[in-house]
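Reading through the structure tokens given below for one structure.
The values are calculated or read from the model by the stated rules, or taken from the named source; none is laboratory data. Keep in mind it's a predicted model, so treat the numbers as computed, not measured. Please note: Cβ atoms are built from the backbone with ideal geometry, for glycine as well, and neighbour counts cover all protein chains shown.
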Amino acid sequence: MTSFDTGISDMVDDMLEELGQSYTYRRGTTSATVTLRMSRRQSITIETSGGHVAEVHPVDFIGKTLALPYPEPKSGDVIVDGSSEYEVLPTVSEKVFRIINPVMIRIHTKQIK
């Protein structure tokens, strides 16, 4: 690992220590506890196929790539915070996650509960 990568890793550790929170990451019936930083984005209003209007609450989570219980997040995974749940899904222009650098990942979700 280069000194730059080590510096980024240390920065992510510091951020998660100060701003992170424990969440349950669930895939099917399997779950694990992970430390992530929640980042809420502006709500989006969409029209459904039935002509109804729905408000979607996109939420991103930032964490350490190697701290995740799976090699990659997948659509349909759920991140749980007490009574709130967030479903992993792609955004309009990106897949379900983005590797920011070798140690940091951004996971795209929407609040479902």
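Taken residue by residue, region 5-21 has at least one member that is closer than 18 Å to residue 104 by Cβ and part of a strand (DSSP E or B).
Applying the condition of being surrounded by fewer than 15 Cβ atoms within 10 Å (Cβ to Cβ) and of a type outside the set (S, T, N, Q) to region 81-101 and asking which residue is modelled with the lowest pLDDT yields 92. Could you list all residues from region 59-86 that are under 9 Å from the mean Cα position of the chain (by Cα) and of a type in the set (D, E, K, R)? Hit for region 59-86 is 60, nothing else.
Results for (1) loosely packed, with under 11 Cβ neighbours inside 10 Å; (2) at pLDDT below 85; (3) in contact with a Pro (Cβ under 8 Å, 6 or more places away or on another chain), shown as yes or no for each residue.
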| site | (1), (2), (3) |
| --- | --- |
| 6 | no, yes, no |
| 16 | no, yes, no |
| 21 | no, no, no |
| 24 | no, no, no |
| 41 | no, yes, yes |
| 45 | yes, yes, no |
| 55 | yes, yes, no |
| 60 | no, no, no |
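Residue check: residue 63 meets all listed conditions (1) touching a Gly at 6+ places or on another chain (Cβ under 8 Å); (2) over 18 Å from residue 24 (Cβ atoms); (3) of a type outside the set (D, E, K, R) but one, namely (2). Annotation note: of 69, 90, the sole residue that is assigned to a loop (DSSP other than H, G, I, E, B) and under 27 Å from residue 10 (Cβ atoms) is 69. Pairs meeting the criteria (first residue in region 19-31 and farther than 14 Å from residue 76 by Cβ, second residue among the small types (Gly, Ala, Ser), beta carbons under 9 Å, at least 6 apart or on different chains) are 20/63; 23/63; 24/31; 24/32. Taken over region 68-80, the criterion of being surrounded by fewer than 17 Cβ atoms within 10 Å (Cβ to Cβ) and among the hydrophobic types (A, V, I, L, M, F, W, C) is satisfied by 80 alone.
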